[in-house]
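Here the structure comes first, spelled out in structure tokens, and everything after it is commentary.
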């Protein structure tokens with residue numbers, strides 16, 4: 001995460017700072033949940049979505065826009081009986 005300062009001309013959030021760049025590298029994440037506990041706005045959550053296979057290392061780095069997409073319903077992942 002890379003933070004930036006809010007200004008009166010460019011206010012993104014109610015606080016003094018905001019996350020200008022936000023990425024999660026799932027090759028390094030151990031799903032411990034410490035980031036969820038530390039998040040002051042409860043914007044981060046852990047889900048039951050564990051089907052996370054990547055073809056390249058770059059695919060494992062999620063940016064803010066990807067993280068805002070809701071996960072698919074359980075049992076509907078591509079390659080499963082219901083997700084065909």
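The values are calculated or read from the model by the stated rules, or taken from the named source; none is laboratory data. In this text, all values refer to a predicted model and were calculated from it rather than measured experimentally. No Cβ is skipped: glycine too gets one built from the backbone with ideal geometry, and neighbour counts run over all protein chains shown.
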- Message: Tell me yes or no: at least one residue of the stretch 43-60 is within 24 Å of residue 6 (Cβ to Cβ), out of contact with any helix residue (DSSP H, G or I) (no Cβ under 6 Å at 6 or more places or on another chain) and either surrounded by 10 or more Cβ atoms within 10 Å (Cβ to Cβ) or at pLDDT 80 or above (or both).
- Response: yes
- Query: Can residue 35 be described as assigned to a helix (DSSP H, G or I) and either at pLDDT 80 or above or surrounded by 10 or more Cβ atoms within 10 Å (Cβ to Cβ) (or both)?
  - Reply: yes
- Within the stretch 1-32, track down each residue that is surrounded by 10 or more Cβ atoms within 10 Å (Cβ to Cβ), in contact with a strand residue (DSSP E or B) (Cβ under 8 Å, 6 or more places away or on another chain), without any contact (Cβ under 8 Å) to a residue 24 or more places away in the chain and in a loop (DSSP other than H, G, I, E, B). 1, 6, 12
